[in-house]
Structure formats: structure tokens, C-alpha cells
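A quick write-up on the structure given underneath.
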Amino acid sequence: MHPLTRPISVALIVSVTGCGVDQARTPMAPVLAASQAAPSPEIYRLINQLFAGQDKGAVFKSFAQIQNQAARGETAEVQASLADFVALLMLARDEGRLLDPNGSEPPTITEALRDLVNAVATFGGVSPTVHGILAVGNFHACVIEANGQTACWGSRSFAQLGDGTPPSGTVSARVAVAGSPAFTQIISRGSHTCGTTVTGEILCWGRNDFGMVTANGTQTGGVPTPTQVGGGPYRMVSPARLTSCGLTTANAAFCWGRNQAGELGDGTTIVRLVPVPVSTGLQFSSIEASWIHTCALTFVGAAHCWGDWQGQAVLLPIDLTPVSVPGGHVFARLYSGGTHTCGLTLNDEAWCWGDNTSGQLGDGTTVGGGTPVQVSGVGFFAMMAAGTTPNSGGRSHTCGLSTIGRILCWGLNDQGQLGDGTTIDRLAPAPILSNDVFVAVGAGDRFTCALTPDQRVFCWGTNGSGELGTGAAGGFSAVPVLVP
């Protein structure tokens, strides 16, 4: 079996916390400090606990290579060796040769493997990257750089680059967001971006014609610098095309903006220019807003959605308040696209629901609906990204970051947004043309971007609004290109 099919979360790739709560960004740790945080005796204990015979020797040899590379400060080499290390673990697991540490069922083995990979990654000085560093909107993208500065590139049509430049028809290469705000996470969708700070503030910039940036009763074409949203304190934000939502530190959901199809969840379709509570007695651990629907997770991993969440394209009936997603799945994380949503289970299985016009649900069909279907073929991921393509008859794409850092995509591919070197739509996951290991992925309107452990950003797909970050617009790339 190929390593991409092996079902285990790798903590260095993406840290998916319990019930989908995002964590603060972790800076790259010096090798010595990392070694002290994860001493090799603990790693030896885990290896001895899980492996015997030939497998144990091979795993120890692989770890010794990582030790030597870490001692020399060779972070890139450590990352490559770590992928090989994970492949060894998965081979032993798939072939049934692991020793059960507690005489219990496979979940205990899975947890032990996660602990081992996390310890080795930390020992090697490879930071466990988390959600919220890379943000991809419809026609622009942003990233929190190694120095903590947030930078954006792409379209300026609604001032969504946040550098203080008013809305215009120009595009830009990477520029710094004004004011150097210290964000714990950033999220882009539509033509605006929001970030959260350690003090629970939400700052947004970009398109504001329905008040989704300012959230203070005002409507403008575009806000060019980060502007604080009232209320809170918040621990999570999720902007969408014409709305935004946030979770307070008390786990209450608030949304604001257009409300075309009940996506604010307040029981109406009335535009709200200030945050209003979602009409529910539930507390949520995470929230995902999108074009005309919103979904959220409870603390037991149950998905609830409202608005036009079944991919009906505003065909009644719609749900004006949260309803339970059928299937009884327990999800760790949700990812909302333009007209579809995906979720990862605690066992890293990918399930999607909603519109499937271009095969963006990844089950090998073009049949959509409100019941989750499992992504076929390579179905084990550490992170996903659902394309935001609006006003396209439901056509969109999806990508998944595998548990060893490879990216696979499926769905609409008319601008090369699947990154496989073609413009052929895919009904099931297909690998992008890249040998790089990635730690994050985001999907926009017909383009995709991904982040490597050393914080290089690659994008592919359309460049009609400068999405590839070169500062010029036009054409597309069906393979990943480095953002300058």
C-alpha cells in the first residue's frame, strides 16, 4: 500500500485539536530547545513499545538519521527524513506488525503513533504548523510570515490586501498588511480577510458592502486596513463571501452581513450590519462560513449547518437556523467551500456534502446532496481546502493535505486549480505535480495555494487577478509555482 493511503494524523503536518479548535501559531523552534522539549529517551520508549524485530531496527536507524540531521541544523533534510520515517510506521501498521501498547483496539495504536511522530518532529526542530497561517480568498491570498508579519497578494478590487491602498482594479505582488498586527490566525474567503489576536480581538479588511468587515452598522466598498470588529472577546473568526461569523470565548456563535439564504442563522434573511447571535442553544467549538451557508461543530464533533448548505443554489427549502447534518459522523474539523462542505473525522477520514456538479465531493460521482459521502481512494488527510467559486452553477474544487504532507485535489479544473498539469476535471483525488512536503493548503476561486515547512508558498490555477503572486495578471498555471 502506498504511504498516502495510511490513516494517521502527523502532528508536524497540521495540528488538528480536539473538536476542531484552532491553536495559536507556533514559531520554528531552535534545535537545542526542541531536543530538550522531546528528549530521545522518550522516543526510544515509544519505539520499543510499538515495534519488534526487523521493524524496530529500521525505525531506530531512521530516527538516528534524523538525530544527525537535527544536530547539524538541517531542517529541510529532517523534513524529508521525517516523511520516510512516517512511511516506515505506516507500513508496519498496515501489515499488522505493530505491538499494541495497552492490549486494546487500534485507536490506542493510532494515538501512540501520533505521539511518536510528534515527538520526533519536535526533536528535529520541525514546527507543528496549525490552521490559520495561510489564508486563500476568491482572488487573493495572505500568509503569516516567519517574522510574524502578515502579507497578501492578488486583487485589490476591494482593498483586500490590507496594505492601506484603496480599492482599485490593480493587482499586486506580496505586500505587508498595514500596522503589522500580531495575529494568531488569519482566514480569507470572498474578498475580505479577518484575523484574531491573542487578546480575543477580530480585525478584518477588504470588501464591506454588507458590513462584513466593519460590523458596526456601516457599509462601504472596501476597507483598506485592519479594522476591529465589536463584541467578543472572540477566539475564532470565519469570513465568507458576503458575511462573517465568529465564536466568542464563551463558545457562542455570532454572524453578520448579507444573509441572502439564512446563512447568518438568526431565523431571518435580513441583512445584519452588526453581529447577531445564531439562533441555537448549542455551543460550538468551531465555525465555517461560506457563500450562502454556514456550518459549525459542537464539542462532541457533531456538524450543524444553516442557510443553503445542501448545494441547492437557493432553491427552497433553506434552513434559517442550525440543523444537524445526517449520518452521525464525529468530525474533528470542518471546511466550507462555495456550495459544499467537507469534514475530517477523528480517524482522518474525509467526508463531503453539498453541490457536486464538478465532482468536488470526491466520491467518484457528480451526485450531490445534504448527506455526507466519503472521499474515495486516498481518504486520509490532516487538512482540507474547499474551493470558494461563486456564481458558477455549483462548479468548484477541493484539495486535501495527506498525513505525510502530500496534496491531492479533485473537482473543477478548468484553470489548472487541481495542480496535476492538466485542465481535466477529477471526480476523485489526484496528486499535484510536486515533490515538496506541505504543511497547509487553501483553495479559492479557481486557484489553490500551499505552504511548506520552511514557509515557502506555492500557488497554482488561475492568475486572472494576480493570484499567483507575481504582481501581474493573466493566464494560469496547472502546476505549482513559487510565490515570490
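The values are calculated or read from the model by the stated rules, or taken from the named source; none is laboratory data. Remember, predicted model here, so these are calculated numbers, not experimental data. Methodologically, a virtual Cβ is constructed for each residue, glycine included, from the backbone with ideal geometry; neighbour enumeration extends over all protein chains shown.
I'm trying to understand the selection: among the residues of the stretch 401-422, which are of a type in the set (Gly, Ala, Ser), at pLDDT below 95 and either closer than 20 Å to residue 325 by Cα or not in a loop (DSSP other than H, G, I, E, B) (or both)?
402
For the stretch 176-189, give me each residue that is touching a Phe, Trp or Tyr at 6+ places or on another chain (Cβ under 9 Å) and closer than 12 Å to residue 205 by Cβ.
Listed by number, the residues that qualify are 177, 178.
Rundown of residues vs (1) over 19 Å from residue 408 (Cβ atoms); (2) without any contact (Cβ under 8 Å) to a residue 60 or more places away in the chain; (3) in the same structural domain as residue 188 (by TED's automatic domain parsing), yes/no style:
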site: 333; (1), (2), (3): no, no, yes
site: 338; (1), (2), (3): yes, no, yes
site: 341; (1), (2), (3): no, yes, yes
site: 358; (1), (2), (3): no, no, yes
site: 364; (1), (2), (3): no, no, yes
site: 375; (1), (2), (3): no, yes, yes
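Please indicate, with yes or no, whether at least one residue in the stretch 387-400 is within 24 Å of residue 86 (Cα to Cα) and either in the same structural domain as residue 319 (by TED's automatic domain parsing) or surrounded by 24 or more Cβ atoms within 10 Å (Cβ to Cβ) (or both).
Yes - at least one qualifying residue is present in the stretch 387-400.
Quickly run through the stretch 332-346 and pick out the residues that are assigned to a strand (DSSP E or B) and β-branched (Val, Ile, Thr). Quick ask: steps written out before the conclusion?
Step one: of the stretch 332-346, the residues assigned to a strand (DSSP E or B) are 332-336, 340-345.
Scanning the stretch 332-346 gives 341, 345.
Quick one: count up the residues across the stretch 281-302 that are in contact (Cβ under 8 Å) with a residue 24 or more places away in the chain and more than 25 Å from residue 193 (Cβ to Cβ).
Pass one, the stretch 281-302, residues in contact (Cβ under 8 Å) with a residue 24 or more places away in the chain: 282-302.
Narrowing further to those that are more than 25 Å from residue 193 (Cβ to Cβ): 282-283, 298-302.
Of the residues in the stretch 281-302, 7 are in contact (Cβ under 8 Å) with a residue 24 or more places away in the chain and more than 25 Å from residue 193 (Cβ to Cβ).
Quick one: residue 433 ticks every box in (1) closer than 30 Å to residue 89 by Cα; (2) assigned to a strand (DSSP E or B) bar one, so which box is it?
Every condition holds for residue 433 apart from (2).
Take residue 458 and decide whether it is assigned by TED's automatic domain parsing to the domain that holds residue 291, more than 14 Å from residue 410 (Cα to Cα) and in a strand (DSSP E or B).
yes
Tell me the residue from 179, 154, 162, 96 that is over 25 Å from residue 458 (Cβ atoms), assigned by TED's automatic domain parsing to the domain that holds residue 286 and at pLDDT 75 or above, please. Spell out the reasoning first.
Numbers: 154 fails: over 25 Å from residue 458 (Cβ atoms); 162 fails: over 25 Å from residue 458 (Cβ atoms); 96 fails: assigned by TED's automatic domain parsing to the domain that holds residue 286.
Going through 179, 154, 162, 96 in turn, just one is over 25 Å from residue 458 (Cβ atoms), assigned by TED's automatic domain parsing to the domain that holds residue 286 and at pLDDT 75 or above: 179.
Taking the residues in the stretch 230-255 that are touching a Leu at 6+ places or on another chain (Cβ under 7 Å) and closer than 24 Å to residue 177 by Cα as candidates, determine which candidate is surrounded by the fewest Cβ atoms within 10 Å (Cβ to Cβ).
The residue in question is 235.
Would you be able to say whether some residue in the stretch 170-177 is under 24 Å from residue 270 (Cβ atoms) and not small (Gly, Ala, Ser)? Talk me through it step by step, then tell me what you get.
Within the stretch 170-177, the subset under 24 Å from residue 270 (Cβ atoms) is none.
Checking the stretch 170-177: not a single residue is under 24 Å from residue 270 (Cβ atoms) and not small (Gly, Ala, Ser).
So which residues in the stretch 344-355 are touching a His at 6+ places or on another chain (Cβ under 7 Å) and modelled with pLDDT under 95?
If the condition is that a residue be touching a His at 6+ places or on another chain (Cβ under 7 Å) and modelled with pLDDT under 95, then 345, 354, 355 are the ones that fit.
Any residue in the stretch 203-215 that is in the same structural domain as residue 475 (by TED's automatic domain parsing) and surrounded by fewer than 19 Cβ atoms within 10 Å (Cβ to Cβ)?
Yes, the stretch 203-215 contains a residue that is in the same structural domain as residue 475 (by TED's automatic domain parsing) and surrounded by fewer than 19 Cβ atoms within 10 Å (Cβ to Cβ).
Can we say residue 427 is part of a strand (DSSP E or B) and out of contact with any strand residue (DSSP E or B) (no Cβ under 6 Å at 6 or more places or on another chain)?
Spelling it out, residue 427 is indeed part of a strand (DSSP E or B) and out of contact with any strand residue (DSSP E or B) (no Cβ under 6 Å at 6 or more places or on another chain).
Limited to the stretch 347-367, what total is found for residues that are of a type in the set (D, E, K, R) and assigned to a strand (DSSP E or B)?
Residues that pass the stated criteria total 1.
Do any strands (runs of 3 or more DSSP E) entirely within the stretch 265-331 hold 1 or more residues that are over 24 Å from residue 394 (Cα atoms) and of a type in the set (Gly, Ala, Ser), and if so, which?
284-289
Within the stretch 201-229, how many residues are in a loop (DSSP other than H, G, I, E, B) and under 20 Å from residue 181 (Cβ atoms)?
So the answer is 6.
Of all residues in the stretch 40-92, count the ones that are among the basic types (Lys, Arg), within 30 Å of residue 456 (Cβ to Cβ) and modelled with pLDDT of 85 or more.
Number of matching residues: 1.
Within the stretch 247-273, count every residue that is β-branched (Val, Ile, Thr) and under 22 Å from residue 185 (Cα atoms).
The total comes to 2.
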